[in-house]
Amino acid sequence: MEEDEGTEEQERFSHRQRLKAAVHYTVGCLCEDVASDKEVQFSKQTIAAISELTFRQCEHFAKDLEMFARHAKRSTINTEDVKLLARRSNSLLKYITEKNEELTQFNIEQRAKKKKKLEDDKTKSLAPAEAAASGRDSLALSPGAEAAFGEGRQEQADSPERRMKLSAFILSF
Amino acid sequence: MEATGGGFRKELVSKLLQMHFTDSKTKVSGDALRLMAELLTIFVVEAAIRSVRQAQAEDLALVDVDQLEKVLPQLLLDF
């Protein structure tokens, strides 16, 4: 019984370490972008410190978000909670709000496209002899549509330049 | 290698948050995850850029922990 607890504890620890490594990797990529943009270099310790900082800040974020959702009598955290999390800085709140609107707009467009595609497929498959396959067709298509959806979002992701601009904005604030 | 596009991946953000929830029933919507990934990215980039500014003010080419330490209080107050 004690051994079980020991291994569970160990597993949780290694899970934590893996997440830390993932955060460290992402922070490394982001710092590299900043370094090449500003023509400076970061020491390894600085990158490690920023990673640790981000990892610990996540705890505050998670607990705040959970409380916000519970306060609104929900068990699912939505974008409103995230907006509330960004309340401390005006420019940050403005940016997050804009980003949220962009996301909703994008979702609406994607849904409309998907619907249109589905309707097009239906009219096509209405051709005789293919009617039986139509059900399977539209089912097979939806994962593809989802994949395209994901890719679109990747492309939509912010360019580093835009982020830099925002950062300068917050700094000047 | 889609992670090299910069920024946090949705899966990572989800796991980071889930680890600290006190209630296991708490869930996070997809859009909220994307927004959180954005927020975390801004946090990291801010930490980096403010440290760079501090280093430039001290006329240094290498950003070290000392510079990060100096900008840390205001950074934590802003987030």
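Just a few scattered comments:
- Taking 0.36 nm per residue of separation and subtracting the Cα-Cα distance, full extension of the segment from residue A:123 to residue A:44 would add 22.5 nm.
- Table column - 3J(HN,Hα) (Hz), segment B:68-77, Karplus curve with 6.51, -1.76, 1.60, x for Gly and Pro: 4, 4, 6, 9, 4, x, 5, 4, 5, 6
- Taken over the alpha carbons of chain B as equal point scatterers, the Debye sum produces base-10 log I(q)/I(0) values at 0.14, 0.15, 0.24 Å⁻¹ of -0.61, -0.68, -1.06.
- Against the compact-protein benchmark of 2.2 N^0.38 Å, the Cα-based radius of gyration of segment A:1-60 scales to 1.51.
- Amide H contacts under 5 Å for residue B:27, placed H, 5+ residues apart: A:76, A:77
- Cα convex hull volume per residue for segment A:1-101 (Å³): 147
- Averaging 1/r across all pairs of distinct Cα atoms in segment A:64-103 and inverting the result yields a Kirkwood radius of 10.4 Å.
- Residue-level accessible surface for residue A:8, protein heavy atoms, 1.4 Å, Å²: 110
The values are calculated or read from the model by the stated rules, or taken from the named source; none is laboratory data. From a predicted model like this one, the values you see are computed outputs, not experimental measurements. Just the protein is used for accessible areas: all its heavy atoms, side chains included, with ligands, DNA and RNA removed. Shrake-Rupley method; radii C 1.70, N 1.55, O 1.52, S 1.80 Å.
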